[in-house]
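Peer 1: I am attaching a structure below and will ask some questions about it afterwards.
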Amino acid sequence: MISRRTVLLGPIAFGVAPAVARAAAQPTQLRGLEAALALEHEAVHAVPSVGARLDDATKELAREIDAHHRVQRDRVSDALRAAGRTPPAALPSYAVRVPVVDRDTAVSALVLLEESLMRAYAEAVETEPASLRRLAAELLARCGTHATSLHIAWRRTLAGSTDAFPSRGH
Amino acid sequence: MWHSRRVVTTAVPALLLAAVGVGVLAGCTDGDGPTPDPSTAPSPQVHPDAGAIATARERELALLSAYDDAGTTGPGLADVADEARAHHELHLRAIEAVAARLTPALTFSPAAAPSGPSSALPSGPPSTTATATPATGAPTRTDAVALARRLLAAERTAADAGLLAVGDVESAQVRRLLAEVAASEAQHATALYLGLREAFIRRAPATPPGAAG
């Protein structure tokens, strides 16, 4: 079985978005959640950026995922504010992580983001208090389901659409 | 085609659970009996997350049993069922490894998989198996849909339980493992949902309602 990561990403290495690097300078306790928020901002920007390259079925899915990310962004932002932190703001613009030239590269750009988000939320699971780590765990699972849905919509197969440990990939 | 596999999964955290019990009991006195001398009383160093680990392990055993009981989900869903079952075995091993690291004094004793019907399978609508299954025993479309729906519900229930548990455990290692396992189970539920939609239902939303909480 070909792994989802292999199929979608091939040799592309993960990059660290500038917003993530900025969040990494924050205190350890909430760093994961702040990194996740920076990525949520990026995700909200990504769908409109790549949307033109998606076909109708994938575009519909991307719209649903985009709506989820807007909600997630607001929830994480509110949670950080409630914890006494200033949530990282969105950057004026974001570079798409892979050159998007067609439907496949557009989907892979979205999947890359979901995988980065999963890693950030997995780290944020170590956050205190319990309410914040529950939020992080919930959103880790949500991003996992996005990655699965994108895989199935694109590859039209269920095989390889799930991971034993989603933030680690296959 | 996915075939039923009754795999006897080894190890029940009997000692782990016993240790949890000892830990609970160690903090209790009846008020009338002699007070144990702290210098001679056993100190059962039970990890505070032992209960959560044992419960997570039970969830994985129940899910494995559910997939074994389901036998076949029919064409179209076999891939995800195979994959999910393999993941649950990995989850089980990871949970047991964490338990061994956190509570090294404990050993696991071999035991059979949970007996009886899968506790992970929620009771679904009345089964139509008796009238829908032909004499050959081959699963009908109705059977396959019902099985996949029950597996989906079991995965979703396990994911929800795991996500809740993340808030209650102390060890960062256990938190992360429980969160990863729950996320994986949410993915299985999504894949089963989309597989069902593709194979049998269609016109359902592209992402399952209420997925992962």
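Peer 1: Round to a whole angstrom and tell me the spacing of the C-alpha centers of region B:145-192 and region A:88-114.
Peer 2: Region B:145-192 and region A:88-114 have Cα centres separated by 28 Å.
Peer 1: Another question, then. Calculate one ³J(HN,Hα) per residue across region A:134-150 by plugging θ = phi - 60° into the Karplus curve 6.51 cos²θ - 1.76 cosθ + 1.60, and present them in order as whole Hz with x for glycine and proline.
Peer 2: 5, 4, 4, 5, 4, 6, 4, 5, 4, 5, x, 5, 4, 4, 5, 4, 5
Values in this text are rule-based calculations from the coordinates and carry no lab data. All values derive from a computational prediction rather than experimental measurement.
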